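**Q** Structure incoming, see below.
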Amino acid sequence: MLSRVADSLYWMARNIERTESNARILDVHLTQMVETSSEDLLDGKHWQIMFEACSTKDELEKLQNNADAQDEDYIRYLAFHTDNLNSIYSCVRVARENARQSRDHLPNELFEVWNDLYLFTIQAEQEIFSIHHLRTFLHKVKLTCLTAQGIIESGMSRSVAYRMLKIGKWLERAEKTARILNVVCEQTRETQLLYKGDDYYAWLSALRMLNGYEAYLKVNRPKMDPKTILTFLITDESFPRSIHYNINHVRSAIDLLENAKIAHYSSELYYALENLKNEFDEMSIQELNSDDMLAFLNTFQNKCNEIGQIFSKTYYLIEPVGTQRQTQLSEFTQQPMKEKASSMKYRIEHTNIFDYDSWVDQSMNSIRLKPRTDECQRLLSYRTDITPVALTKEHVDIWGNSVESFFIADHHKHLEVKATSVVSIQKSPWIHRIDYSPEMHAIFHSELFSNHYLAYLSNTSYTYLTPEQMEQVDKDLGQMANPVQYAIDVMGYLFNRFTYDGSSTNVSTKAVESFDLKKGVCQDIAHVMLGILRNKHIPARYVSGYLYVGENSALVGDAASHAWVEVMVPGIGWVGLDPTNNVEALENHIRVGVGRDYGDVSPVQGVYRGGNHKLDVKVSVSLIDQ
């Protein structure tokens, strides 16, 4: 699985879990407000527990500095405020965006259910505040989260996608449990020192916030003993929200991902998990005093957070920018959520018109005009209109391209094929920001990697360059050290070397010819770049699609279909480079077909019985949403 797909699945699962946890915490607080009549139990300490569990202490202080702030303001900030990256609304929105990007790997019902919650949350935020409306909203949130988990369990095969979702959920649960226990222990320590007793309501709330009250009572006496509660929520191996339970399941899922083998890139992760497991085996909470308990929870919470960071680093998942993980509770900032860039939506009309000199009585054609759907691009609608009318039969070729075939038996002198598509594009990784790590180097030079991408390492008649031409490239660029940077350098080199000229070449021109001509169209420049990269054993493929230029743009290549190159970066996936424009293929590039060269992705191919023909191609790409 590509790391950016795993990234979306991982953060979607974490935000779904965080949505439920924060909704449950807020609901418990509302219940406690109703059940408690003592003013001492409704002081600022309970808001502090809420904010340190669901947001940050600094954000609470900002609200407290406002003399006009009411209970409604605190609650709205935790539930709906867009400035709060951990509000319920923010968690729902980010989980939805990540689900949208990885929709091909998820049950359709999961996205539909979560999208309904997103729309419901927007509507709830606009309603006049009342406890009744808020409780209805929180009930809907918790029910949807449970439904989403049920869809995942009942509708997904136990694949890598499933494992990433479960690991995200378990890590989030472990961190949230450690966080809540840390906060409650810190806040109740003052009560213990002042009154020589335990804070009953705080520990009751801790169980309720972690949905463990009923499970706790089934195995323990109905007494809110802190050490017994901590033992239950930390070391119990059967309760689904205990830290021990979740870390064990994370370890088991990683064993399945790695076939229970420790590799050089995963050794740090295994070491951290084994270290935490040993602490579970050696710990005795009953023997700790309050000071030791607080120090232990501080250290323990940081170790849970550290495992999440190591996991993200191990599998090239993107840790959110600005994440701070401090060792002291007072300085700890909850990890912000992963959110992706917004998408672009395009409408594409591609028309091919054939006019024949004489009557054609039979023609057999294949078209590749249907845009792809993958991690960074989603096809929203597609239709073909063929004149004379013909039925199409669709199949997927060896390269994963959609191919439609049709046969026309009637006599005709005019053939028109029009394809209309609506596509949503999400930015792919910025290749300039990719750090070529030792792990990438090891994968790149492995035999398994070469065998897997052998088709994209072998030159074809379109992409072949002579040894003398490659010597010229080496003289101009130097030897390759970093394949990622080398691919970028080749793109800039060809951009400066070639003149864009549509009259100098045709669809049959080979790279060996256009290299010496130093001019051509996007097809020619892409073929030359493929020849150079494959000579350096860099897997690269030809991409055919469309380019959105827009107003006042220096980009070229939108008059018809466009062509560029994609490079396989270990752990990241296929990354697009457009040597015609010297830019990365990001949100302006719409992919239709991929292959070894132009011959694998030609938009229209066919045979007919008749005279000569003239071809007119019209392409229109318009931005309809951003």
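The numbers here are math on the coordinates, done by the rules we state, and not lab data. In this text, all values refer to a predicted model and were calculated from it rather than measured experimentally. A quick note on method: Cβ atoms are made from the backbone with ideal geometry, for glycine too, and the neighbour counts reach across all protein chains shown.
**Q** Can you list, largest first and rounded to whole Å, the semi-axes you get for the chain by taking the square root of 5 times each eigenvalue of its Cα gyration tensor?
**A** 57, 28, 21
**Q** On to the next question. Run the simple label-point estimate for Leu119 and Asn482 please: 7 Å along Cα→C-beta, distance reported in nm.
**A** The modelled label-to-label distance comes out at 4.7 nm.
**Q** Report the calculated FRET efficiency for Asn582 and Ser461 (r = Cβ-Cβ distance, R0 = 30 Å), to the nearest 0.05.
**A** The calculated FRET efficiency here is 0.70.
**Q** Stretch Glu468-Glu153 to full length: gain in nm at 0.36 nm per residue minus the Cα-Cα span?
**A** 107.6 nm
**Q** Lysines near Lys614 by alpha-carbon distance under 17 Å, same-chain residues fewer than 8 away left out - which ones?
**A** Lys413, Lys418
**Q** Could I ask something else about it? Using the structure shown, list the pairs from Lys176/Lys261; Lys313/Lys475; Lys57/Lys218; Lys142/Lys176 with a Cα-Cα distance above 26 Å, or answer none.
**A** Beyond 26 Å between Cα atoms: Lys176/Lys261; Lys313/Lys475; Lys57/Lys218.
**Q** Hey, if you put +1 on the Cβ of every Lys and Arg and -1 on every Asp and Glu Cβ in the chain, which of Ile180, Ser508, Ser424 ends up farthest toward the positive end of that dipole?
**A** Result: Ser508.
**Q** Cα-Cα over 27 Å: which of Lys370/Lys518; Lys166/Lys227; Lys510/Lys618?
**A** Lys370/Lys518; Lys166/Lys227
**Q** Where nothing but the Cβ of Lys and Arg (+1) and of Asp and Glu (-1) is charged, how large is the charge dipole of segment 3-331 around its Cα centre, in debye to the nearest 20?
**A** Roughly 1040 debye, rounded to the nearest 20.
**Q** Once both labels are modelled 7 Å past Cα along the beta-carbon direction, what's the Val604-Ser284 spacing in nm?
**A** So the label points at Val604 and Ser284 sit 8.3 nm apart.
**Q** Measuring from label point to label point, each 7 Å out along Cα→Cβ, what is the Ser381 to Ser130 span in nm?
**A** In this crude spin-label approximation the distance works out to 4.0 nm.
**Q** What is the distance in Å between the Cα centroid of segment 242-285 and that of segment 464-513?
**A** Cα centroid to Cα centroid, the span is 48 Å.
**Q** Can you give the helix-only mean residue ellipticity at 222 nm for the chain, where every DSSP H stretch with n ≥ 4 adds -39500 (n - 2.57) and the sum goes over all residues, rounded to the nearest 500 deg cm²/dmol?
**A** Counting only the DSSP helices, I get -15500 deg cm²/dmol.
**Q** Report the paramagnetic label zone for Tyr500: residues of segment 347-373 whose backbone N is under 12 Å from a point 7 Å from Cα along the Cα-to-Cβ axis.
**A** none
**Q** For the chain, with only Lys/Arg (+1) and Asp/Glu (-1) charged at the beta-carbon, what is the dipole magnitude about the Cα centre, in debye rounded to 20?
**A** 1200
**Q** Suppose the chain between Met33 and Lys413 were pulled fully straight at 0.36 nm per residue; how much longer would it get relative to their current alpha carbon spacing?
**A** Contour length minus Cα-Cα distance gives 128.7 nm.
**Q** Order these peptides, 366-372, 395-401, 143-149, by their mean beta-carbon neighbour count within 10 angstrom, highest first.
**A** Top of the packing list down: 366-372, 143-149, 395-401.
**Q** If we sort 24-33, 538-547 on the protection proxy, mean other Cβ atoms within 10 Å, highest first, what's the order?
**A** 538-547, 24-33
**Q** Determine, for each peptide in 562-573, 164-175, 207-218, the mean count of other beta carbons within 10 angstrom over its residues, then list the peptides with the highest first.
**A** Packing proxy ranking, top to bottom: 164-175, 562-573, 207-218.
**Q** Identify, among Thr136, Trp114, Ser157, the residue whose Cα sits farthest towards the positive end of the charge dipole of segment 97-164, taking +1 on the Cβ of Lys and Arg and -1 on the Cβ of Asp and Glu, with the dipole about the Cα centre.
**A** Farthest towards the positive end: Ser157.
**Q** Contour minus end-to-end for Asn259 and Asp104, with contour as 0.36 nm per residue of separation and end-to-end as the Cα-Cα distance?
**A** This chain segment gains 53.3 nm when fully extended.
**Q** Select from Gln309, Val583, Tyr213 the residue farthest towards the positive end of the dipole of the chain; place +1 on Cβ of Lys and Arg, -1 on Cβ of Asp and Glu, and compute about the Cα centre.
**A** Projecting each Cα onto the dipole axis, the largest value belongs to Val583.
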